[in-house]
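Just below is one structure, and these are the notes that go with it.
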Amino acid sequence: MFWNPRIERMPQKEIEEYQERKLRALIHNVYNHSAFYRRKFKEAGVNPWDFSGRKDLHKLPFTKKQDLRDNYPFGMFAVPISQIVRFHASSGTTGKPTVVGYTANDIECWAESLCRGLVSCGVSRDDVIQISYGYGLFTGGLGFHYAAEKVGATVLPTSAGNTARQIELMKDLKTTVIACTPSYMLYLAEYAYKNGVSLKDETELKLGIFGAEPWSEETRKRIEEKVGIDAYDVYGTSELSGPLFTECTEKCGVHIWADHFLIEIVDPDTGEQLSEGEKGELVVTTLSKEALPLIRWRTGDVTLMENEKCACGRTHPRIMRILGRTDDMIIVRGVNVFPSQIEHVLMQIPEVGEHYMILLDRKDDGLDVMTVQVELSEKAEVDKVSDMLELERKITEKLKSVLNVTAKVEVVNPGTLQRFEGKAKRVIDRRKI
Ligand code: DLL
C-alpha cells in the first residue's frame, strides 16, 4: 500500500531533477533569509549565483550540532518567529538544548513523510495505534500522533511510562500497532509476562514501529518472536523534524523521501563524499523545511546508502540500519568499539536475555577495562556455577573474535539490570581522563 503512490514510485531521474530545482532555490533562500548561512557561505567562498546544483553540493559547508548551540535559540532560523507554530527541543548530553522551530508547512511535510512510512509498514485507518514515545519537547510522541491521525488510524496517545496502564489499555482498546523505543517494547513484553499476560496471545498487536535508538537485527527477531508482531525500524532526528522515515514490509532499509531530503554519506574524518554501499556518516540537506533549513547537516549517525529501487516499488534511496554514532564509539585500549557490535554478538547467544550494560573503567596502571553485564534469559537452563562460568567464557570469546578486545563479562540474573522507558543508556563511562 502507498500513501502517495505517484511520489513514492517517481522515476529516479525525475526525483533527481526535482532535487536539483529545489536545491538551487534553497541555496538562494537561505542566503537571503538567514544571517547564519550568508556568513557561512561567504566564509566558504560560495556564491549562490555560481552554484549549479547537486554536483556542487560538496562545495557547501557542513552544519553541525555545535552551530545550533552557538546560535541558540533562534540564530539559524530563516523565518520570523511569527511564522513559527511549534518548538521542539532536544536536551542532548552537554550544554544548551538544541531548539527546532516549525512553520505550519514544516509540520505538514513532517506528517506527510511519516504517513508514507506508516502506510508502507501496513498501517491503515482500521488500526488502533498506541503511541508510547514520549510526548512533549521530544519529537517522538507528537510526530507519530500527527501522522497517525492523518492516515486515519485511531490514536491512543499513552506517551511513555506507566507500564501497567499501557498493557491494560492495549488489551481493552484492542491496540493493533505500537510505536515506542525497542528497549521499551522489550520492557513492556517482560512486564506483561511477569504479570501473567502474553502480549502474543492476549492482544491484537500485529506490528510495531521502533526507533529513536540503535537496535540490531537480532533484537528485531527477539521482539517479533516474543510479541508475535512484525517489527519495523523508524529513523529521524529532532533537527530534521523528528521521526520521519521507516522501513517498508520488505524490511530492507529505511526509505528516505528524496523529494524533501537529499542525503550523502561522508567519511566522518575527512568529510569526503563516499559512494553507494560505503559505510560512513549520514549527511542530510533539507529541501522543504522553512523555519530551520539545514544544509549538509552532519547527523553523526553511521550507516550506508542503497539507491537500487526497492522490491516494494519505491524508488527513493534507502539507508541501512544505523551502526552507531561517530561520537559514541568507545575507544578501549586503542580499539574502536561500537555498542551496536556488542548487542549484535550478545543477541545471537540464546542463553542471554535482552538487557545489557557496558561499563568502562580505568585501572590504576592506566589500562582500560570494559565490563559487559548481561542478563541470563528467563528460559536458559543454567543452574550450576560451572555452567555460568562456561557461559561467561563463551560470551567473552565471541566478543573478542568480533571486537578484538577482551571484555570482562558478567552474567547476572534476569530482571537485575536497569530498564528504560525512552531511549536506553547502556554505556557508563567511569574513566577519569
Ligand atoms: O530520536 C527522533 C525519533 C523519534 C526517531 C522517534 C524515531 C522514533 P533525537 O532525540 O534528536 O530524535 O535523536 C536522534 O537518535 O541521530 C540517532 O543517533 C538516534 N536514532 C533515531 N532513530 C534511530 C534508529 C529522535 N532507528 C538520534 N536507529 C539520531 C538508530 C536512531 N538510531
Open item on the list: Looking at segment 380-398, can you tell me whether even one residue there is aliphatic (A, V, I, L, M), closer than 25 Å to ARG419 by Cβ and in a strand (DSSP E or B)?
Closed with: no
Open item on the list: Going residue by residue through segment 374-389, is there one that turns out to be closer than 19 Å to LEU360 by Cα and either surrounded by 12 or more Cβ atoms within 10 Å (Cβ to Cβ) or not aliphatic (A, V, I, L, M) (or both)?
Closed with: yes
Task: Some residue of segment 220-228 being under 17 Å from the mean Cα position of the chain (by Cα), more than 23 Å from GLY141 (Cα to Cα) and not basic (Lys, Arg) - done: no
Open item on the list: Can you tell me which of (1) within 14 Å of the ligand (Cβ to nearest atom); (2) closer than 19 Å to CYS180 by Cβ; (3) surrounded by fewer than 23 Cβ atoms within 10 Å (Cβ to Cβ) is the one ALA89 doesn't meet?
Closed with: (2)
Open item on the list: Please verify whether VAL123 is of a type in the set (A, V, I, L, M, F, W, C), more than 30 Å from LEU376 (Cβ to Cβ) and in contact with a strand residue (DSSP E or B) (Cβ under 8 Å, 6 or more places away or on another chain), treating the condition exactly as stated.
Closed with: yes
Task: Hits in segment 230-263 - residues which are more than 10 Å from the ligand (Cβ to nearest atom), part of a loop (DSSP other than H, G, I, E, B), in contact (Cβ under 8 Å) with a residue 40 or more places away in the chain and not aromatic (Phe, Trp, Tyr) - done: CYS248, THR249, GLU250, CYS252, GLY253, ILE256, ALA258, ASP259, HIS260
Open item on the list: Please go through segment 284-324 and give me each residue that is free of Cβ contacts under 8 Å to residues at least 40 places away in the same chain, within 16 Å of the ligand (Cβ to nearest atom) and open to solvent by 40 Å² or more (accessible area, probe 1.4 Å), ordered by number.
Closed with: LEU304
Open item on the list: Can you name every one of the helices (runs of 4 or more DSSP H) wholly within segment 154-204 that holds 1 or more residues which are over 19 Å from LYS423 (Cα atoms) and of a type in the set (Val, Ile, Thr)?
Closed with: 163-172
TODO: Please go through segment 325-355 and pick out each residue that is over 21 Å from the mean Cα position of the chain (by Cα), surrounded by 18 or more Cβ atoms within 10 Å (Cβ to Cβ) and farther than 30 Å from GLU381 by Cβ.
DONE: VAL332
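The values are calculated or read from the model by the stated rules, or taken from the named source; none is laboratory data. Remember, predicted model here, so these are calculated numbers, not experimental data. Positions of Cβ are generated from backbone atoms using ideal geometry, with glycine treated the same way; all protein chains shown enter the neighbour counts. Side chains are part of the model used for accessible areas, which takes the heavy atoms of the whole protein and leaves out ligands, DNA and RNA. Shrake-Rupley method; radii C 1.70, N 1.55, O 1.52, S 1.80 Å.
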